[in-house]
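A quick write-up on the structure given underneath.
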Amino acid sequence: MPDARQARGVRSIAGWRRHVRKALDAGARSPFYLFASAPYGAAIDRLKGLDYGKPARFWLSAKTQPLPALWRWWRPRGGIEVVSEFEFRGALQAGFGPDQILVNGPAKHRWLPGVSRKGLRVHFDSLGELEALLPIARKDRWRVGLRLRTPVEVDAEDPGWAYPFGLEPTEFPAALARLVGQGLEAESVHIHLKTNLPDVATIRRGFEAIVQVCRDTGWRPRCIDVGGGLAPAGPRGLDGTRFGAGLGVESYTAEVRGLVARMPWVEEVWLEHGRHPAADSGVLVVGVLDVKERLGRRLLICDGGRTLQAMVSVWEEHDLEVLEARRGRTVPTAVHGPTCMAFDCLGRRDLPASVRPGDHLVWFDAGAYHLSWETRFSHGLAEVWWDEGSGPRCVRSAERFDRAAALWR
């Protein structure tokens, strides 16, 4: 496994150390998440500086980082993509107008009629959903599109099973005809191949499916929503290999340009990158509570960990550093959370033998899906801190029993 400083760079680690210390000085108590706008903004700026062949519009993926402070910061910079009623209501509360909200995801007919607004942008996910939502789509003058399931979207472990999202190519003629018959124009085609796209061949197969369905139907959508899929730079597989090693940002962008060149009627490219810009915009900070020696190895018992705050550590390896200056020899160390589960292990790596109770560990790349998958297993939710450039501030206090108990009444 590569050293954390080699994988991330000394400058980034030093910057997060300063942010964490400022949060602790301001009163943060572990476990806590610390998120910042600067890394997210820098990642988006890098993506915006690339040539996609046509103007590009960037949508913040709400499910990736359900953080109202981030949403409000992002609002002047772009739109938001939502896939549930909770996210939709949250986007409205954060100040997004209906034309700034892109509604994706399956089974929207269960919840969208009750909260619809005029001028929404909606991608239909199935013929049944389309039929159920047509009356309200007409009444509220939605701007609509269709999601396509491509051949890439199958279970990696059992390719005989497809992902449950989008329409099959054979369903597009019926969907397009139904929309035309109701006076609605399908303006956009949407795909989302998968997270952590592995290589150029995968994205090329997915893009080819868009070209083919447009060729077969004669459809000329004005916008292509290619979803996201670019892997973040930091996290690795449990074997130490970097996700998406076969598909860099430049290769991805070149494929988008190639797709646009084959569809000259396209006016705008939409991107919904989730993990790629968000991962490095946050860290998880846990405190060491106890130290044990077992089978010649060291076990740290911490106040946060996998079960509560970092479920992705089941399949991802993240950089982890001791905040305090601890010198001397390193020893094999397992970092455990506070829950009564052997599963609750944030990671195993060599750490200084001088680490002791009261120290803090910083677990990097906690800005994507960690809040989404945070649990209350035997504990309340953790503190959340946010830094928009003027210093960290607490935007969610740690959940105490009185508040959590209300969930059971």
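With respect to the conditions (1) open to solvent by less than 60 Å² (accessible area, probe 1.4 Å); (2) in contact (Cβ under 8 Å) with a residue 12 or more places away in the chain; (3) of a type in the set (A, V, I, L, M, F, W, C), CYS340 lacks only one, and its number is (1). Taking the criterion of being outside any loop (DSSP other than H, G, I, E, B) and under 22 Å from ARG275 (Cα atoms), the residues of the stretch 357-387 that qualify are VAL362, TRP363, GLU383, VAL384, TRP385, TRP386, ASP387. Just one residue in the set LYS63, LYS22 is more than 27 Å from LEU271 (Cα to Cα), in contact with a Gly (Cβ under 8 Å, 6 or more places away or on another chain) and open to solvent by 40 Å² or more (accessible area, probe 1.4 Å); that residue is LYS22.
Residue check: ALA42 meets all listed conditions (1) farther than 19 Å from ASP225 by Cα; (2) crowded, with 22+ Cβ neighbours inside 10 Å but one, namely (2).
Show the residue pairs that are 6+ apart or on different chains and have beta-carbon atoms under 9 Å apart, the first residue being within the stretch 349-368 and under 29 Å from PRO66 (Cβ atoms), the second being part of a loop (DSSP other than H, G, I, E, B) and β-branched (Val, Ile, Thr). Cβ pairs passing all conditions: LEU361/VAL355; GLY367/THR64; ALA368/THR64. Residues in the stretch 275-286 that are open to solvent by 10 Å² or more (accessible area, probe 1.4 Å) and either closer than 30 Å to LEU300 by Cβ or touching a strand residue (DSSP E or B) at 6+ places or on another chain (Cβ under 9 Å) (or both): ARG275, ASP280. For the stretch 216-230, the criterion of being on the phi < 0 side of the Ramachandran plot and in contact with a Lys or Arg (Cβ under 6 Å, 6 or more places away or on another chain) is met by none of the residues. Just a yes or no: is a residue in the stretch 354-373 among the hydroxyl-bearing types (Ser, Thr, Tyr), surrounded by fewer than 19 Cβ atoms within 10 Å (Cβ to Cβ) and closer than 30 Å to VAL103 by Cα? Yes, that holds for at least one residue. Of all residues in the stretch 9-39, those being over 23 Å from the mean Cα position of the chain (by Cα) and either under 19 Å from GLU374 (Cα atoms) or part of a strand (DSSP E or B) (or both) number 3. Strands (runs of 3 or more DSSP E) fully within the stretch 196-305 that include at least 2 residues being among the acidic types (Asp, Glu): 282-294.
Checking VAL82 against (1) touching a Lys or Arg at 6+ places or on another chain (Cβ under 9 Å); (2) open to solvent by 10 Å² or more (accessible area, probe 1.4 Å), which single condition isn't satisfied? Of the numbered conditions (1) touching a Lys or Arg at 6+ places or on another chain (Cβ under 9 Å); (2) open to solvent by 10 Å² or more (accessible area, probe 1.4 Å), the odd one out for VAL82 is (2). Each residue in the stretch 310-337 was checked for being polar (S, T, N, Q) and open to solvent by 10 Å² or more (accessible area, probe 1.4 Å), and 1 of them qualify.
What number of residues within the stretch 131-157 satisfy the criterion of being under 29 Å from the mean Cα position of the chain (by Cα), at pLDDT 95 or above and open to solvent by 60 Å² or more (accessible area, probe 1.4 Å)? Number satisfying all stated conditions: 2.
Tell me, please, whether a residue that is under 22 Å from the mean Cα position of the chain (by Cα) and either of a type in the set (A, V, I, L, M, F, W, C) or surrounded by fewer than 19 Cβ atoms within 10 Å (Cβ to Cβ) (or both) can be found in the stretch 113-120. Within the stretch 113-120 (the criterion being under 22 Å from the mean Cα position of the chain (by Cα) and either of a type in the set (A, V, I, L, M, F, W, C) or surrounded by fewer than 19 Cβ atoms within 10 Å (Cβ to Cβ) (or both)), the answer is no, since none of the residues qualifies. The number of residues in the stretch 343-352 that are open to solvent by less than 30 Å² (accessible area, probe 1.4 Å) and out of contact with any Phe, Trp or Tyr (no Cβ under 7 Å at 6 or more places or on another chain) comes to 6. Looking only at residues in the stretch 182-240 that are among the hydroxyl-bearing types (Ser, Thr, Tyr) and out of contact with any strand residue (DSSP E or B) (no Cβ under 7 Å at 6 or more places or on another chain), the one that is least open to solvent (accessible area, probe 1.4 Å) is THR202.
Only one entry in ASP216, ASP225 is over 21 Å from GLU268 (Cβ atoms), at pLDDT 95 or above and not aromatic (Phe, Trp, Tyr), namely ASP216. Given the structure, is CYS223 touching a residue at least 40 places away in the same chain (Cβ under 8 Å), more than 30 Å from MET311 (Cα to Cα) and in contact with an Asp or Glu (Cβ under 6 Å, 6 or more places away or on another chain)? In short, yes.
Here SER390 fits the description: assigned to a loop (DSSP other than H, G, I, E, B) and free of Cβ contacts under 8 Å to residues at least 12 places away in the same chain.
The values are calculated or read from the model by the stated rules, or taken from the named source; none is laboratory data. Bear in mind that the values here come from a model prediction, so they are computed numbers and not experimental data. Cβ: placed from backbone, ideal geometry, glycine included. Neighbour counts: every protein chain shown. Accessible surface areas use protein heavy atoms only, side chains included; no ligands, DNA or RNA. Shrake-Rupley method; radii C 1.70, N 1.55, O 1.52, S 1.80 Å.
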